[in-house]
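Just so it is clear, none of the values below were taken in a lab; they were calculated from the coordinates. Please read these numbers as outputs of a predicted model, since none were measured by experiment. Glycine gets a Cβ as well: all are built from the backbone with ideal geometry, and neighbour counts include every protein chain shown.
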Amino acid sequence: MQARAAWYGSIVRQVASWGYVVLQYTSLGVFPVVSDRIELEYLPPLLQWLSAQSAGNADSAADRLPANPLLGLADTSRLATMGHSRGGKLAALHYAGNILNISTAVLLDPIDNTDRAPEGPDYPSACKALAAANRTAAVVGAGISGRCNPLESNFRHFTSSLAPGSWQLVVRQVRCWEGLRECVFVSV
């Protein structure tokens, strides 16, 4: 089942409270799951839309509205990506590809290829892409593995694929979904 953007409300509110603009989307439908190759194509037009909304464009219908809430807020020259589970994999693939000028990534209990989505043209390995890119990132992992975050493809594989200087935080006694959905980040 594909996750819904609304499921991440507490994390989004926390990150936004620090002054970040958060862009989320929900894929319509539950099945079939859209392949990684197809879903990777979603982000570039969303970022173009965000950039246009933030910059303001006289030709844009949004700028003719009484108030454009995004006007002047998003600096799309400074991007980070964050995702949970399969979204963490997609975030890692965007970050490793370095096509969108993403400067960092936060991966929340990411999973790579599994028996349900084996590696292939439609499902590239994010761990292999990160290793080839030699980039640092932050990885948060659930201490208890299960069906949604199997040992053979969980966060530990992402951490071992990252360059030195990367961060790993393991939230012990938490399963994939239960603890990371409502986690609170502390700014230090």
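Net charge near residue 130, counting Lys/Arg +1 and Asp/Glu -1 over other residues with Cβ under 12 Å of its Cβ? Working shown, then result.
Details: positive: 89, 128, 135; negative: 112.
Every neighbour counted, the sum reads +2.
Please identify, among 111, 38, 102, the residue showing maximal mean-square fluctuation in a Gaussian network model of the chain using a 10 angstrom Cα cutoff.
Sorting by GNM fluctuation, first place goes to 38.
Springs between alpha-carbon atoms under 10 Å, Gaussian network over the chain: tell me which of 167, 18, 49 tops the mean-square fluctuations.
In the Gaussian network model the winner is 18.
Between 73, 43, 162, find the one with the highest GNM mean-square fluctuation for the chain; connect C-alpha pairs within less than 10 Å.
73
In whole percent, what relative contact order does segment 81-172 give with Cα contacts below 8 Å and a gap of six or more residues? Show your work: numbers first, answer last.
On the way: 183 pairs, mean separation 26.6, N = 92.
With pairs under 8 Å counted, the relative contact order is 29 percent.
What distance in nm lies between label points placed 7 Å from Cα along the C-beta direction at residue 71 and residue 24?
2.6 nm
For segment 67-129, count all C-alpha to C-alpha pairs, find those more than 14 Å apart, and express that count as a whole percent of the total.
Working: 1168 of 1953 pairs.
Counting every Cα pair in segment 67-129, those more than 14 Å apart make up 60 percent.
Of the labelled options (1) 17.4; (2) 19.5; (3) 18.1, which one gives Kirkwood radius over Cα pairs in Å as computed for this structure?
Correct label is (1).
In degrees between 0 and 90, to the nearest 10, how far off the longest principal axis of the chain does helix 86-97 point, with axes built from Cα atoms?
70 degrees
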